[in-house]
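Data first, discussion second: the structure below is written as structure tokens.
The values are calculated or read from the model by the stated rules, or taken from the named source; none is laboratory data. Fair warning: this is a prediction, and the values are worked out from it, not measured in the lab. Cβ placement follows ideal geometry from the backbone for every residue including glycine, while neighbour counts extend to all protein chains displayed. Side chains are part of the model used for accessible areas, which takes the heavy atoms of the whole protein and leaves out ligands, DNA and RNA. Shrake-Rupley method; radii C 1.70, N 1.55, O 1.52, S 1.80 Å.
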Amino acid sequence: MPTRPLIIDTDTGSDDAVALLLATAGGLSDVRAVTTVAGNVPVATSTRNALISLETTGHTGVPVHPGCERPMMRSLTSAQHVHGEDGMGDTGLPDPTQSPEPTHAIDALLTYPREHPGELTLVTLAPLTNIAAALLRDPQLFTRYRHVYCMAGAADTCGNISPTAEFNAWADPEAARIVARAATPEKVTWVGWDVSRKDAVMTPADQQHLQQLGTPLATFVHRINRTVGDWARDVTGLAGYDLPDPVTMAVALDPGLITEYEEAHVDVAVGEEARGQMIIDRRVSAPTPNMTLVRRVDEAGFKRLLFDTVTSPAPATDAR
Ligand code: BDR
Ligand code: CA
């Protein structure tokens with residue numbers, strides 16, 4: 001399979017970290033840059049965690065650009081109750097050796113695709129603040145990317161942060177709305193939390209398998225997701241912890257993993273009662289679809305990719 005050049009926007013908490021591992025350790029992509037944003041944790045912590053994750057796979061040369069410190073119109077509500085105070089399961093990871101870039105994430109998101117038009121795939125794993133801000137400066141931004149994959153929302157309106165909303169869409173609904181309204185089905189593929197809940201849950205058997213693999217990457221994945229496991233048990237009631245960002249990354253790396261999708265017209269609610277809820281118009285009279293909405297993924301294929309990645313040989317240190 002050809003390697004895909006990627007830009008990844010992330011609020012690096014524990015599942016974002018696994019997505020970064022998939023992107024860097026699996027050999028299926030060439031991560032050109034990472035942009036960070038406030039979400040799971042404050043942006044300084046998500047930047048730290050992104051650097052740690054890249055260093056874990058030896059990719060010390062990937063530039064990391066810190067971005068927005070809070071949502072466009074609201075204060076930040078983090079998910080440290082889910083991912084731990086440090087966003088990485090409170091595992092006491094040492095500081096990274098590399099430093100972030102001075103260029104702001106918004107500038108990076110605008111500049112890279114202008115330098116490589118139509119070449120780069122953008123994968124967003126976080127509240128869409130950086131992306132929406134970039135779109136306000138360049139409304140044609142998405143046409144400059146090869147494709148955009150977004151982890152946001154819940155297409156079945158079964159939420160994880162509110163009864164009907166998913167965290168990334170809820171944290172910055174105005175940004176999510178700007179992104180949805182700039183999307184087209186040809187350019188934007190959207191993966192909601194419903195996909196994660198159905199097809200990307202690490203069951204006790206999967207967790208045991210991960211532990212038994214015992215490689216440094218398998219152990220890293222297992223440890224940093226401990227607090228998410230507790231939260232899944234107590235709040236979402238899933239049969240294990242789910243991996244929304246990794247399953248989105250898997251789809252971006254191998255779209256053949258998608259087993260069910262629809263083209264739909266989607267907006268995002270910004271009112272308080274339904275904050276961040278996806279509004280999907282499936283009427284005959286609905287406006288033209290604005291995105292490709294993934295509904296199911298090959299669960300076995302996704303987990304195979306994850307297990308293969310964490311057992312792949314240690315990559316050479318990449319200090320480009
Ligand atoms: C999303 O919110 C965060 O907690 C995860 O990192 C993921 O991006 C899932 O709702
Ligand atoms: Ca995330």
Net length gained if the chain between HIS81 and THR60 were fully extended (0.36 nm per residue, minus Cα distance): 4.7 nm
Residue among ARG146, ARG304, ARG226 with the largest mean-square fluctuation in a Gaussian network model of the chain, springs linking Cα atoms under 10 Å: ARG304
Gaussian network model of the chain, springs between alpha carbon atoms under 10 Å - residue of VAL270, VAL228, VAL18 with greatest fluctuation: VAL270
222 nm mean residue ellipticity, helices alone, for the chain (DSSP H n ≥ 4; -39,500 (n - 2.57); rounded to 500): -10500 deg cm²/dmol
Potential lengthening between SER312 and VAL284 on full extension [0.36 nm per residue; Cα-Cα distance subtracted]: 5.3 nm
Solvent-accessible ranking of THR60, THR248, largest area first, probe 1.4 Å: THR60, THR248
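Under a 1.4 angstrom probe, counting protein chains only, how are TRP190, TRP170 ranked by accessible area, largest first?
Order by accessible area, largest first: TRP170, TRP190.
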Two-site FRET efficiency, ARG233 against SER162, from Cβ-Cβ distance with R₀ of 30 Å, rounded to 0.05: 0.95
Mean-position separation - Cα centroids, segment 288-306 and segment 136-164, in angstrom: 14 Å
Heavy atoms of ASP308: accessible area, 1.4 Å probe, square angstrom to 10: 90 Å²
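In square angstrom, what is the accessible area per residue of the chain with a 1.4 angstrom probe? Please report the intermediate quantities before stating the final value.
Numbers: 12100 Å² over 320 residues.
Averaged over the residues of the chain, the accessible area is 38 Å².
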Förster radius 45 Å - calculated FRET efficiency between MET73 and ASP30 (Cβ-Cβ, nearest 0.05): 0.80
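As a test of reading the structure, rank THR157, THR3 by solvent-accessible area (1.4 Å probe, protein chains only), most first.
THR3, THR157
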Share of carbon and sulfur in the accessible heavy-atom surface of segment 73-182 [1.4 Å probe, %]: 51 percent
Of LEU293, LEU125, LEU76, the one that fluctuates the most in a GNM where the chain has Cα springs shorter than 10 Å: LEU76
Computed FRET value (nearest 0.05) for ASP107 with ALA205, which takes r as the C-beta separation and R₀ as 41 Å: 0.35
